[in-house]
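Note sheet for the following structure.
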Amino acid sequence: MEFTYINPTKIEFGQGKIAKISQLISKDARVLILYGGGSIKKNGVYTQVKDTLKDHTCFEFGGIEPNPTKETLDKAIAYGRENKVDYILAVGGGSVIDGAKYVANAFFYEGDGWDLLEGKYTPTKALKIGAILTLAATGSESNTGSVITKEETKEKRFFHSPFSYPQFAVLDPDVLKSLDERQLVNGIVDSFVHTCEQYLTQQHGAMAQDYYAEGLLRGLIELADTFDSRDDLWYANLMWLANQALNGLIGLGVPQDWATHFIGHELSGLYGIDHARTLAIIQPNLLTVLEDEKQEKLVQMGKNVFGLDTKDSSVVIEKIRTLYSSLNIDLKISSYTDDKEITEKVTSLLEKHGFAQFGDRGTIDKSVVIKILEKSI
Ligand code: NZQ
Ligand code: ZN
């Protein structure tokens with residue numbers, strides 16, 4: 001256990017908190033408001049933002065896609081430069097916030113912003129970011145991650161930058177009420193898998209990380225069980241559980257295994273499948289293929305998360321699979337695409353992106369990925 005920890009994002013949590021942002025952004029800032037396909041114009045969030053920023057100088061750029069593309073974001077950068085903006089306000093889910101991180105970090109760079117994703121450009125300065133979260137899933141509102149797609153090549157890659165921590169994040173659970181069930185399910189699953197990627201590894205004895213992760217998993221299962229009777233507290237719990245699952249805390253100084261995400265990202269890049277659904281498809285099969293090395297943590301999860309009394313890790317994997325099925329997720333890639341070359345395309349993209357040997361023990365290579373995909377197609 002060795003780590004340095006800071007999470008500088010100020011969280012404003014609760015109903016009606018959007019009104020606070022006028023105090024959180026300096027009055028002389030030139031603010032570029034980024035948003036997605038227009039959900040904020042239907043659910044009242046846009047009006048709340050405009051009302052509270054009525055004395056600020058604001059510019060707007062909408063149309064950031066789910067699985068945001070660098071092609072669209074480059075247009076946002078050009079627009080922001082034209083208008084000499086110096087602050088980015090992201091209003092949306094993970095895609096808009098990730099997009100804001102790309103815009104902020106590439107803003108002062110003369111080259112191609114995609115260099116951020118290829119590790120060829122390390123920013124030394126960036127625009128400040130504020131976030132109003134409208135979809136609880138990714139934790140992007142208070143972490144350094146950003147996942148961007150290059151439409152031209154169908155590649156989906158990620159980058160981290162210390163400048164990507166938003167200065168503040170507004171988490172008003174009421175905003176989640178306009179989400180359809182598909183997106184709410186995505187939120188539960190993405191947060192569940194984020195926690196697992198930092199927990200289902202190997203024994204390490206770091207109690208705070210392990211037991212906190214187990215608490216988050218139990219909470220998320222409770223939300224799945226009570227999905228049909230959602231009340232204010234349900235939404236508030238989803239918003240905070242999702243944040244805590246990927247704000248850096250539970251992964252401190254412990255092994256992590258982001259293999260499900262790495263494979264899932266290729267599937268979203270190639271076929272546009274919702275991020276969380278790629279995870280639900282891949283994770284149970286990955287756990288089955290790697291069952292021997294994950295056995296101890298799976299049994300611990302069975303006991304502390306699912307309340308099982310078993311040493312049989314396959315029962316725990318089945319519990320996870322049943323959880324996803326209970327949320328009506330199709331767990332086969334073939335339900336989303338007819339492509340016959342899935343395995344070839346995913347493995348060659350993973351190779352291109354440098355994933356030759358991955359997983360927390362470095363045991364996942366091409367042959368293991370093929371086994372996982374065979375079970376998933
Ligand atoms: O675009 P609009 O019109 O806003 O509609 C969005 C979008 O269609 C809609 N939506 C968002 N808030 C809403 C709403 N609809 C009604 N009411 C609301 N309150 O939901 C759709 C999906 O939004 P999106 O932002 O794409 O979803 P999510 O938050 O799940 O983000 C997914 C993206 O985040 C990346 C994923 O790869 C994917 O690209 N991730 C980012 C991470 C990070 N930064 O740390 C980690 C994750 O593992 C993940 O990879
Ligand atoms: Zn995720």
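The values are calculated or read from the model by the stated rules, or taken from the named source; none is laboratory data. Only a predicted model underlies this, so the values are computations on that prediction, with no experimental measurement involved. Here the Cβ is made from the backbone with ideal geometry for all residues, glycine too, and neighbour counts use every protein chain on show.
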(message) If I ask for residues that are more than 8 Å from ligand 1 (Cβ to nearest atom) and either under 19 Å from His261 (Cα atoms) or of a type in the set (Gly, Ala, Ser) (or both), which ones from the range 117-143 would you list?
(response) Leu117, Glu118, Gly119, Ala126, Gly130, Ala131, Glu141, Ser142
(request) Having 1 or more residues that are within 22 Å of the chain's Cα centre (by Cα) is the bar; report the helices (runs of 4 or more DSSP H) wholly within the range 279-377 that clear it. (result) 313-326, 342-352, 366-376
(request) Please work out which one of (1) among the hydrophobic types (A, V, I, L, M, F, W, C); (2) away from ligand 2 (no atom under 11 Å from the Cβ); (3) not in a loop (DSSP other than H, G, I, E, B) is the condition Ala276 fails and give its number. (result) (2)
(message) Suppose the filter is within 15 Å of ligand 1 (Cβ to nearest atom), surrounded by fewer than 19 Cβ atoms within 10 Å (Cβ to Cβ) and closer than 25 Å to Ile25 by Cα; does Phe163 pass it?
(response) yes
(request) Report, by residue number, each residue of the range 275-297 that is farther than 17 Å from Gln202 by Cβ and of a type outside the set (S, T, N, Q). (result) His275, Ala276, Arg277, Leu279, Ala280, Ile281, Ile282, Pro284
(request) Pull up the range 262-301, narrow it to residues that are of a type in the set (Ser, Thr, Tyr) and surrounded by fewer than 24 Cβ atoms within 10 Å (Cβ to Cβ), then point me to the one that is nearest to ligand 1 (Cβ to nearest atom). (result) Ser268
(message) If I filter the range 329-351 down to residues being of a type outside the set (A, V, I, L, M) and in contact with an Asp or Glu (Cβ under 8 Å, 6 or more places away or on another chain), which single residue comes out as farthest from Phe262 (Cα to Cα)?
(response) Tyr336
(message) Here is a check on your reading of the model: is Lys125 without any contact (Cβ under 8 Å) to a residue 24 or more places away in the chain and surrounded by fewer than 18 Cβ atoms within 10 Å (Cβ to Cβ)?
(response) no
(message) I'd like the residue in the range 193-221 that is under 20 Å from Gln295 (Cβ atoms) and of a type in the set (Phe, Trp, Tyr) and, out of all such residues, is nearest to ligand 2 (Cβ to nearest atom).
(response) Tyr199
(message) Take the conditions out of contact with any Leu (no Cβ under 7 Å at 6 or more places or on another chain), within 14 Å of Gln167 (Cβ to Cβ) and within 16 Å of ligand 2 (Cβ to nearest atom) and apply them to Lys101. Does it pass?
(response) yes
(message) Between Leu34, Leu73, which is under 25 Å from Met239 (Cβ atoms) and either touching a helix residue (DSSP H, G or I) at 6+ places or on another chain (Cβ under 6 Å) or modelled with pLDDT under 95 (or both)?
(response) Leu34
(request) Within the range 352-373, count every residue that is over 20 Å from Thr153 (Cβ atoms) and out of contact with any helix residue (DSSP H, G or I) (no Cβ under 7 Å at 6 or more places or on another chain). (result) 5
(request) Check off (1) in a helix (DSSP H, G or I); (2) within 26 Å of Asp292 (Cα to Cα); (3) not hydrophobic (A, V, I, L, M, F, W, C) for Tyr235 and give me the number that stays unchecked. (result) (2)
(request) Go over the candidates Ala100, Ala76 one by one and state the one that is within 22 Å of Ser140 (Cα to Cα), of a type outside the set (Asp, Glu) and touching a residue at least 60 places away in the same chain (Cβ under 8 Å). (result) Ala100
(message) Here is a list: Asp112, Asp74, Asp86. Which entry is touching a Leu at 6+ places or on another chain (Cβ under 8 Å), of a type in the set (D, E, K, R) and farther than 25 Å from His194 by Cβ?
(response) Asp86
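This table checks each residue for (1) within 15 Å of ligand 2 (Cβ to nearest atom); (2) of a type in the set (Asp, Glu); (3) under 18 Å from Leu246 (Cα atoms).
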{"site": "Gly94", "(1), (2), (3)": "yes, no, yes"}
{"site": "Gly113", "(1), (2), (3)": "no, no, no"}
{"site": "Ile132", "(1), (2), (3)": "no, no, yes"}
{"site": "Arg157", "(1), (2), (3)": "yes, no, yes"}
{"site": "His160", "(1), (2), (3)": "yes, no, yes"}
{"site": "Val170", "(1), (2), (3)": "no, no, yes"}
{"site": "Pro173", "(1), (2), (3)": "no, no, yes"}
{"site": "Leu176", "(1), (2), (3)": "no, no, no"}
{"site": "Val185", "(1), (2), (3)": "yes, no, yes"}
(request) Identify all residues within the range 136-173 that are within 12 Å of the chain's Cα centre (by Cα) and not hydrophobic (A, V, I, L, M, F, W, C); write none if there are none. (result) Thr138, Gly139, Ser140, Glu141, Ser142, Asn143, Thr144, Gly145, Ser146
(message) Just checking, does the range 224-235 include any residue being away from ligand 1 (no atom under 14 Å from the Cβ), of a type outside the set (Ser, Thr, Tyr) and surrounded by 20 or more Cβ atoms within 10 Å (Cβ to Cβ)?
(response) no
